[in-house]
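A short worksheet on the structure shown next.
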Amino acid sequence: MENGGPAPIRCKAAAVCRAAGEPLVIEEIVVDPPKAHEVRVRIICTSLCHSDVTFWRMKDFPGIFPRIFGHEAFGVVESVGEHVDEFAAGDPVVPTFLGQCSDCVDCKSARSNMCSKYRFAVRPGMLRDGTSRFSDASGNPLHHFLGVSSFSEYTVVDVNHVVKINPAIPPSLACLLSCGASTGVGAAWKLAKVEPGSSVAIFGLGAVGLAVAEGARICGASKIIGVDLNPEKHELGRPFCKKFGVTHFINPKELGEKPVSQEILEITDGGADYCFECIGLAALMNDAFLSSREGWGKTIILGVEMHGAPLSISSHQILHGKSVIGSLFGGVKPKEDIPILADKYLNKELELEKFITHEVELTDINKAFDLLHQGKSLRCTIWMDKDAK
Ligand SMILES: NC(=O)c1ccc[n+]([C@@H]2O[C@H](COP(=O)([O-])OP(=O)(O)OC[C@H]3O[C@@H](n4cnc5c(N)ncnc54)[C@H](O)[C@@H]3O)[C@@H](O)[C@H]2O)c1
Ligand SMILES: [Zn+2]
Ligand SMILES: [Zn+2]
């Protein structure tokens, strides 16, 4: 203990990524105490989102490895740094990759979830001083990921990136509100503001796409069209996707030469009111746009394009009254909206259980990567300690 403050913690296990695309390695690490405006969180469980996989694969960004991935999690505050009034040891929390200072003009506006005081960036270190709170057994620093780094028994998170969560929600379900479920549900609820009776087309039926379906179902959409290419997932998925309110399924491979957009224009008699891209491929973003209705069709982009490829949207088509919007975290303001989503779960409006298809312990985290790659899982809960369930 230094001046009575928290001491560094030697963590029995963290899953460290030593190089892009390589299996994670379970290592003992040291997690420093939280500095001012930071909290140290004991992670109870975490899960794998496709954004972890995208950054894990990126070989063309040197200098960001070794790194601790993970940004969808649930945990308990272990200790707090100076100037932290909002949290105390023992608080159940979800960390979030998108921060909210609650003080800047954008945080105060209902129109944005993009904090402008601490702008979103994929930083290798902490939000305020850029340094790392992690070091390996040799004392070398390990990089952070998206301000969360939850593939570790303990992590340090800026207060802007952590939200208190109702303890009535089971840890594995609270974890989903930390990224995937909030992003998808939020995109339908807050961003598109899907009205009862409207038509929705979703490209990509992973957890994010199916969370859009869940949000659209809650908002009363009458047609929810799901597009996914993975035949194995599709077959397994049919009854599964129905649980999310998906009314029509399209596997582009089964359409032959016919474009997906043509099929959607026919199903919706002119184009879907709302189209969501939940894959991360620029070509599919264009398909989503082509599937949207003239006059008012809105395309919402949630997928993260690995190389930031530009969209190729016809400047003539956009004159026909269509619009395109992209979003981080589905327009959700973490500190205000996650508690609302938690209440929706507790009121039995939002069904979170169906997103969890697998569970493993941290030592088996590479299985979670395999399952996502093979298209077999939606969300795989990764427990730090199975007895903590
Ligand atoms: N905007 C945000 O804030 C935010 C938040 C979370 C995730 N994401 C992004 O959302 C996307 C989805 O994440 P996820 O965790 O649901 O991923 P996932 O891997 O679980 O799901 C992706 C789905 O897309 C399907 N797919 C892949 N290529 C396809 C193609 N060419 N045509 C049709 N379907 C195809 C896959 O079969 C899979 O079902 C990723 O790009 C992720 O990075 C964005
Ligand atoms: Zn995510
Ligand atoms: Zn702000």
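The values are calculated or read from the model by the stated rules, or taken from the named source; none is laboratory data. Only a predicted model underlies this, so the values are computations on that prediction, with no experimental measurement involved. When we count neighbours, we look across all protein chains shown, and the Cβ atoms used for this are built from the backbone with ideal geometry, even at glycine. Note: areas computed on protein heavy atoms with side chains; ligands, DNA, RNA excluded. Shrake-Rupley method; radii C 1.70, N 1.55, O 1.52, S 1.80 Å.
Among 282-295, 37-50, the peptide with the highest mean count of other Cβ atoms within 10 Å heads the list, and the full ranking is 37-50, 282-295. Each peptide among 195-205, 219-229 gets the average number of other Cβ atoms lying within 10 Å of its residues, and from highest to lowest they stand as 195-205, 219-229. Taking only the C-alpha atoms of segment 97-180, Rg followed by Dmax gives 14.5, 47 Å. Taking a point 7 Å from the Cα of Glu257 along the Cα-to-Cβ direction, none of the residues of segment 277-303 has its backbone N closer than 17 Å to it. Taken one residue at a time, the phi angles of segment 206-215 give Karplus couplings (6.51, -1.76, 1.60, θ = phi - 60°) of x, 4, 5, x, 6, 6, 4, 4, 4, x Hz. Gly and Pro are set to x. Solvent exposure of segment 270-389, expressed per residue, is 45 Å² of accessible area, with all protein chains present and a 1.4 angstrom probe. Across segment 192-326, how many lysine pairs, 8 or more positions apart or on different chains, have C-alpha atoms separated by under 16 Å? Please give the number. Within segment 192-326, the lysine pair count is 10. The heavy atoms of Lys258 offer some 70 square angstrom of accessible surface to a 1.4 angstrom probe. Calculated FRET efficiency, Ser102 and Ser135, Cβ-Cβ r, R0 41 Å, to nearest 0.05? Rounded to the nearest 0.05, the efficiency is 0.85. Approximating the spin labels as points 7 Å out from Cα along Cα→Cβ, the Val25-to-Lys12 distance works out to 2.1 nm. You can think of it this way: the chain between Ser312 and Ala89 has 75.3 nm of extra reach, that is 0.36 nm per residue less the Cα-Cα gap. Filter the cross-link list Lys117/Lys376; Lys164/Lys190; Lys190/Lys354; Lys12/Lys376 down to pairs whose alpha-carbon distance in this structure exceeds 28 Å. Pairs exceeding 28 Å: Lys117/Lys376; Lys12/Lys376. Computed over all pairs of different Cα atoms, the Kirkwood value for the hydrodynamic radius of segment 192-326 is 14.5 Å.
Computed from the C-beta positions of Glu294 and Asp364 and an R0 of 45 Å, the FRET efficiency is 0.35 to the nearest 0.05.
Summary of the geometry: segment 63-104 and segment 149-212, compared by the centres of their Cα atoms, lie 16 Å apart.
Give me the log10 of I(q) over I(0) for the chain at q = 0.10 Å⁻¹, as the Debye formula computes it from C-alpha points; what are the numbers? Each listed q corresponds, in turn, to -0.62. Across all directions, the average projected area of the convex hull around the alpha carbons of segment 276-362 is 8.6 nm². The protection proxy used here, the mean number of other Cβ atoms lying within 10 Å of each residue, ranks peptides 208-217, 130-139 as follows, highest first: 208-217, 130-139. Between Ala283 and Arg111, the FRET efficiency from the beta-carbon distance, with R0 = 35 Å, is close to 0.70.
Taking each residue as 0.36 nm, the span from Lys386 to Ser323 lengthens on full extension beyond its C-alpha to C-alpha distance by 18.1 nm. Sorting Asp85, Asp103, Asp364, Asp91 by solvent-accessible area of protein heavy atoms yields Asp85, Asp103, Asp364, Asp91, largest first, with a 1.4 Å probe. Among residues other than Pro167 with Cβ under 14 Å from its Cβ, the summed charge is -1 (Lys and Arg +1, Asp and Glu -1). In this structure, the amide hydrogen of His143, modeled 1.01 Å from its nitrogen in the peptide plane, lies closer than 5 angstrom to those of Arg67, Ile68, counting only residues at least 5 positions away or on a different chain.
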